[in-house]
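Values in this text are rule-based calculations from the coordinates and carry no lab data. Everything numeric in this text was worked out from a predicted model, so none of it was measured. Cβ sites come from the backbone with ideal geometry, for glycine too, and all protein chains shown count toward neighbours.
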Amino acid sequence: MTASARSGGPLLEIKGLKTHFFTQDGTVKAVDGVTFEIGHGQTLGVVGESGCGKSITSLSVMRLIERPGKIVAGEILLNGDDLLTASDEEVREIRGDQVSMIFQEPMTSLNPVFTCGEQISEAVQQHTSASSREGMDRAIEMLGVVGIPDAKRRAHEYPHQLSGGMRQRVMIAMALSTDPDLLIADEPTTALDVTIQAQILEVMRDLRQKNRMAIMLITHDLGVVAEMADEVVVMYSGKVVERGDVRTIFGNPHHPYTKGLLSSIPRLDERVERLEVIKGTVPSPYNLPTGCLFKRRCPYRMPICDVAPPYQVVGEEHASRCWLTPAGEAPDVGADASGEEAERAGELLTVEPR
Amino acid sequence: MLTYIIRRIILAIPILFGVALISFLLVYLAPGDPLGRFLTPNVRPEVLERLREIYGLDKPLFEQFVGWISHYVQVWDPLAWGISITHRRPVLELIMERAPATLLLMGTALAVTVVVAVPLGMLAAIKQYSVADKVVTTFATIGYAMPSFVLGTYLLYIGAVWTGIFPFRGMTSSLRTAGDPLDIAWHMVLPVASLAIQSIAGWSRYVRATMLEVLHQDYIRTAKAKGLGSNRVNFRHALRNALIPVVTLLGLSLPSLIAGAAITEAIFSWPGLGSLGLQAVGERDYPVVMAFVLLGGIAVVLGNLIADILYGVVDPRIKY
Amino acid sequence: MADTTIDVRQAQFDDTEDIDRTEVRSYWQLARQRFVHHRLAVAGAITLVALIVLSLVVPAIAGDTLRVSASRSFAPPEIFNDEGDMTLAILGYSRTGYNIFGVLMAATGTSLMIGFAAVLIIVIIGVSVGSVAGFAGGWVDNVLMRVVDIALALPGLFIIIAFVAFWGASIWSIIIAIGITGWTLAARLVRAEFLSLREADYVQAARALGASPRRIIMRHMLPPAFAPIIVAASLGVADSVVLEAALSFLGFGISADQASLGTLLNVAFEYLNREPYLVLFPSIVLVLIVLAANFLGDGMRDALDPRQRVEER
């Protein structure tokens, strides 16, 4: 058990992370000041539409960002150690060992010229003193754990001989073979059928319980979040817009975006004439609005929204980036406030580190 | 695998047939009498008629073609590919005699190319956008744009005429030194350099391109996420995949092993198949010309087959 | 489900700020814009145009300084000669007394002309074969592809040399020889394009919307098919010019009094130890042509391919 686990501190702390992409057409602020944390053994769901920055956040944690992207600010503390200032070698030791990651596309995430067993064994051998024989044994063991039948034979097969669901299981086996403290799962079930999805989630639930493993589950599927997550972080256009306990988020969402997301899910027990949508589209990263990034689509929009809203506490363990009060009404400083007055009010309300 | 090879060979037959047809037509339709050069005042017309009979030139097109093909197929017969008009020797014999020189030249050039181009291309891809990458790409672009005879001429001038380090021409200095490996090597430097520089330019571009493509694949990201060091990622995971198409390039280089050196052989007076072929064209030595066209076709077909087989060997996804 | 204090359905929604103000440009405008961005391609285009112009203008101006004259042997570079006529002999005169620059440009002109003419043949044959094969599919495609296979199996240079040697080395026989051996790439590219276009979703959609076959071909299939044709053509120019030069260099091409870059190199090779500098000029021009045509082809390909890559600043 690590020091921070004993002391009760969080496993992973992301503070003010900014990852920008410098392209010919302009700078894309894919992640612009993201702060949240994951406790030991906790499952955090990171929700948002495509392009909101959730994947980039996870890649930043693993320091897998490449040109033209660059992590320009922030801290990422793993058990108290800042990953962003660590040396390349230290980061490589952590990758695949304390923090493992699985990706969205199982079809292309495995190297086609090596067998499944070899690839899992490689991870094991990289981080332990295991021999290749021991590595392969562990690989076969893990394949069994993730529910692949006839594991011994499968270990010597190539990825193209396996189905998508099986490949994803192999990925999970590979990620978990080193007993990581944190598993980052980036849309692990998006590319799979619903039935396979259920199986994969079952595997993940099972394993996190056995190994007391934390999971950062990135997805745009609210159903998956509801099933798996303890806490939820909602992202929009590179920022966190709401964070809270899973029951709170689903039962009592504060941010208009979250509300929009939830109300757009069709329900079987209601008859409606039209499905709910969030009007408008995600703003182009080259043409972001000033102030609140959601304002162009927000049904509650007020003039004060031209000033960047505070990230304020709206309930127990519940924060939201919005001018609305916890009760959902106009802020005390007034819906028409602007300029310095609004900014000062925002600074008073916000709990986000600068 | 064996059935695949057999199937491919069977499929290759119509192609070779087409090549043979074109080869035959090229010569048959050529203006001028093939035996015209023998027409001196001393030669009696009956002798010419006899020669015409021997070469079968008096029969109709179709018969000649069929006769020619059936002859050619019997490669165990040293006369199967005809007799050279200029050299008065069986064509097959001439080819066998000259082939080693060409193979030596091209084989060495190919080896040098692979040894230099693969690391160069890899380096450029791994360090994309860096100075090294720009240098390699620039060199490759210019080298690729320079025709072989231009490069050969420059090398000949710099290496032989101006500095006098290397010999002008040929494979050996004199009859005395014939067969001496050092002497041959000394003669080989310039032509091999000429051939190698050109193909290194092409190959390194190709290696760089495939390597770049591989480096952007998802499984490379997975490998990094596993905590593997950059050496392992580049050499074991990336290169292994990038080499798949490069290995097939090896097979596809086979045709040029035989035919590609023609111009270089001409510049450096290298006694190989290329210069034999050029000489034959110049002197209207039709049997040799026909044999060469067919030889070229066989080399291409064989090269494609080898490339596909190699591909099946190195890529586990391919099953024949 | 949450009970909101404001009824979402009746709230105001203002979308006027979100109007995408980027200009709407047509495919061709976008293509031209992308092309201009490609500095090397533009340089290539300028170089080729410059060479074409020079090859037409300079020989006309230089007049009979293009012929050998003992009196001008090794004369220094000049723009006007003693009599005040413009000679443009900026590279001086050779040992035998001809205007090096003038002859160089005349030779370039011949080489370029042969190159372009050969490419014309290549494009005509290639597009015909490729489009028929790609559009018809089935056994027609099979047969035509076997023909392509046969053409590819032939040793190109050798056949060209033999053809020219047997049928006589006139400019036309060279053009034809290069043309009929070089069309395979164009055919393959066009065929590939047509094959994939036939099944493309947007083509099916156009059909489903009731567009006439003519409109489908003209508006939907031809523009994307252009790209490979143009790319093949620009690369074909480079190849053809080099082939002609190789031909003439080896002595099988056009005769030396109809100067081409190849014949200049042939002569230069002969005089390698006496006048080594003769190799420089035609080889530089040749390499320039190849580079320019290649860059042009690359630029065209990137410009006409609507799939953008994100470029780093």
Checklist entry - If you find the alpha carbon centre of segment C:76-101 and of segment B:90-116, how far apart are they in angstrom? => result 46
Checklist outcome for this item: Between B:Leu25 and C:Ser128, Cβ-based FRET efficiency (R0 22 Å, step 0.05) works out to 0.55
Item to check | Net charge dipole size for segment A:145-279 [Lys, Arg +1 and Asp, Glu -1 on Cβ; Debye, nearest 20] | outcome: 140
Checklist entry - Which aspartates and glutamates have a Cα less than 14 Å from the Cα of A:Lys15, not counting those fewer than 8 places away in the same chain? => result A:Asp32, A:Glu37, A:Glu75, A:Asp81, A:Asp82, A:Glu352
Checklist entry - When the Karplus curve 6.51 cos²θ - 1.76 cosθ + 1.60 is applied with θ = phi - 60°, which whole-Hz ³J(HN,Hα) does each residue of segment C:231-240 get, with x for Gly and Pro? => result 4, 4, 5, 5, 5, x, 4, 4, 4, 5
Next on the checklist: Give me, ordered by chain and number, the residues 5 or more places off C:Gly97 or on other chains with an amide H under 5 Å from its own placed amide H.
Outcome noted: C:Ser69, C:Phe74
Checklist outcome for this item: Shape descriptors of segment B:109-226 over alpha-carbon atoms, Rg and Dmax in angstrom, are 18.7, 65
Checklist outcome for this item: Given the candidates A:Ala86, B:Ser23, B:Thr108, the one whose Cα lies deepest towards the positive end of the charge dipole of the protein assembly as shown, counting +1 at each Lys or Arg C-beta and -1 at each Asp or Glu C-beta, is B:Ser23
Item to check | Cα lying deepest toward the dipole's positive end in the protein assembly as shown, options A:Ser109, C:Ile229, B:Thr3, charges on Cβ | outcome: B:Thr3
Next on the checklist: Give the residue list of chymotrypsin sites (Phe, Trp or Tyr not before Pro) in segment B:85-191 that are DSSP loop and have at most 15 other beta-carbon atoms within 10 angstrom.
Outcome noted: B:Tyr129, B:Phe168
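With the alpha-carbon atoms as the only input, what is the per residue convex hull volume for chain B in Å³? Show your work: numbers first, answer last.
Values: hull volume 58.3 nm³, N = 320.
Output value, Cα hull per residue: 182 Å³.
I'd like the per residue volume of the convex hull spanned by the Cα atoms of the protein assembly as shown, given in cubic angstrom.
Value for the protein assembly as shown: 245 Å³ per residue.
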Checklist outcome for this item: Over its alpha-carbon atoms, chain A yields an Rg and a Dmax in Å of 21.5, 70
Item to check | Net charge of Cβ neighbours under 10 Å - reference A:Met166; Lys, Arg +1; Asp, Glu -1 | outcome: +2
Checklist outcome for this item: Computed ³J(HN,Hα) along segment C:120-132: with the Karplus parameters 6.51/-1.76/1.60, θ = phi - 60°, integer Hz and x for glycine or proline, the list is 4, 4, 4, 5, 4, 5, x, 5, 4, 4, x, 5, 4
Checklist entry - Using a simple charge model, +1 on the beta-carbon of Lys and Arg, -1 on the beta-carbon of Asp and Glu, nothing else, what dipole does chain C show about its Cα centre, in debye to the nearest 20? => result 780
Checklist entry - How many angstrom separate the Cα center of segment B:183-245 from the Cα center of segment A:132-167? => result 31
Item to check | Whole-angstrom gap from segment C:257-298 to segment A:53-116, using each part's C-alpha centre | outcome: 54
Next on the checklist: For a 32 Å ceiling on Cα separation, which of these pairs sit above it: A:Lys259/B:Lys224; A:Lys29/B:Lys134; A:Lys152/B:Lys319; A:Lys29/A:Lys210; A:Lys70/B:Lys319?
Outcome noted: A:Lys259/B:Lys224; A:Lys29/A:Lys210; A:Lys70/B:Lys319
Next on the checklist: Can you list residues from other chains, or at least 5 along the same chain, whose modelled amide H is less than 5 Å from the amide H of A:Gly26?
Outcome noted: none
Checklist entry - Long-range amide H contacts for A:Lys239: which residues qualify at under 5 Å (H placed 1.01 Å from N, peptide plane, sequence gap of 5 or more or a different chain)? => result A:Asp32
Checklist entry - Can you work out ³J(HN,Hα) from phi for every residue in segment B:81-96, in order, using Karplus 6.51 cos²θ - 1.76 cosθ + 1.60 and θ = phi - 60°, giving whole Hz and x for Gly and Pro? => result 9, x, 10, 5, 5, 6, 8, 6, 10, x, 4, 4, 5, 4, 4, 4
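With only Lys, Arg, Asp and Glu charged, each at its Cβ (+1 for the first two, -1 for the last two), find how big the charge dipole of chain A is about the Cα centre; round to the nearest 20 debye.
Computed charge dipole of chain A: roughly 580 debye.
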Item to check | Pair C:Gln204, B:Lys319: separation of 7 Å Cα→Cβ label points (nm) | outcome: 2.9
Item to check | Sequence of C:Trp139, C:Trp172 once ranked by neighbouring C-beta atoms within 10 Å, starting from the fewest | outcome: C:Trp139, C:Trp172
Checklist entry - In segment B:63-132, with Lys and Arg counted as +1 and Asp and Glu as -1 at Cβ, which of these residues, B:Leu94, B:Gln74, B:Ile126, has the Cα nearest the positive end of the dipole, that is, farthest along it? => result B:Ile126
